[in-house]
Each structure stands twice: as structure tokens, then as C-alpha cells.
Amino acid sequence: MVIEKFLSEIPLLETQSLLLRKITLDDVDDIFEFSSDIEVAHHMTWEANRNKEETLNNFVNVVIEGYKRGQSAD
């Protein structure tokens, strides 16, 4: 399987205790909650997000566009 095809068609994987799915615009609030935490950002390659618009523009939209092109958001 070509990685681009897999990334553009990420399947929904669900168990009783876990749900893995593509990120959507509806996830902005939840992603902002952890990405704005200074303690979390300290261990990451990015700085803590200051507002939800920053989370939307710098992460969520980038990931969603990457899905369309079959690219990861690393």
C-alpha cells in the first residue's frame, strides 16, 4: 500500500475504550485544550497555542488539507 493512499483514506477504528478517526473541524475545542497547556507544549516541537484561531490555522486546517493530499501533518 502506498502511504499517500493510506493517509488520504484513514479508516475509523473503534473498540469499547478507544476511537481513532480523522481530525475534523469539530475537534478544535478539544485540541486547543491540550495544545494551549504550557506543560504539554514544553515537550513538543511547538509553543502553546494562545487561542483557538491559532489551533485552527496552525494545526487542524493543516491536518485536514494533508488528508486530501495523502500527507502526514508532521
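Number of residues in region 37-46 that are at pLDDT below 95 and not in a helix (DSSP H, G or I): the value is 4. Among the residues making up region 2-33, those that are in contact with a helix residue (DSSP H, G or I) (Cβ under 8 Å, 6 or more places away or on another chain) and either part of a loop (DSSP other than H, G, I, E, B) or at pLDDT below 95 (or both) are 4, 7, 8, 10, 22, 23, 24.
Filtering region 34-74 to residues that are touching a helix residue (DSSP H, G or I) at 6+ places or on another chain (Cβ under 6 Å), of a type in the set (S, T, N, Q) and more than 30 Å from residue 5 (Cβ to Cβ) leaves only 49. Take residue 64 and decide whether it is surrounded by 13 or more Cβ atoms within 10 Å (Cβ to Cβ), of a type in the set (A, V, I, L, M) and in a loop (DSSP other than H, G, I, E, B). No.
Here is the figure for region 5-57: residues that are among the polar types (S, T, N, Q), open to solvent by less than 50 Å² (accessible area, probe 1.4 Å) and within 23 Å of residue 69 (Cα to Cα) total 2.
The values are calculated or read from the model by the stated rules, or taken from the named source; none is laboratory data. What you are looking at is a predicted structure, and each value in this text was computed from that prediction instead of being measured. Note that we place each Cβ from the backbone using ideal geometry, even for glycine, and neighbour counts take in every protein chain shown. Side chains are part of the model used for accessible areas, which takes the heavy atoms of the whole protein and leaves out ligands, DNA and RNA. Shrake-Rupley method; radii C 1.70, N 1.55, O 1.52, S 1.80 Å.
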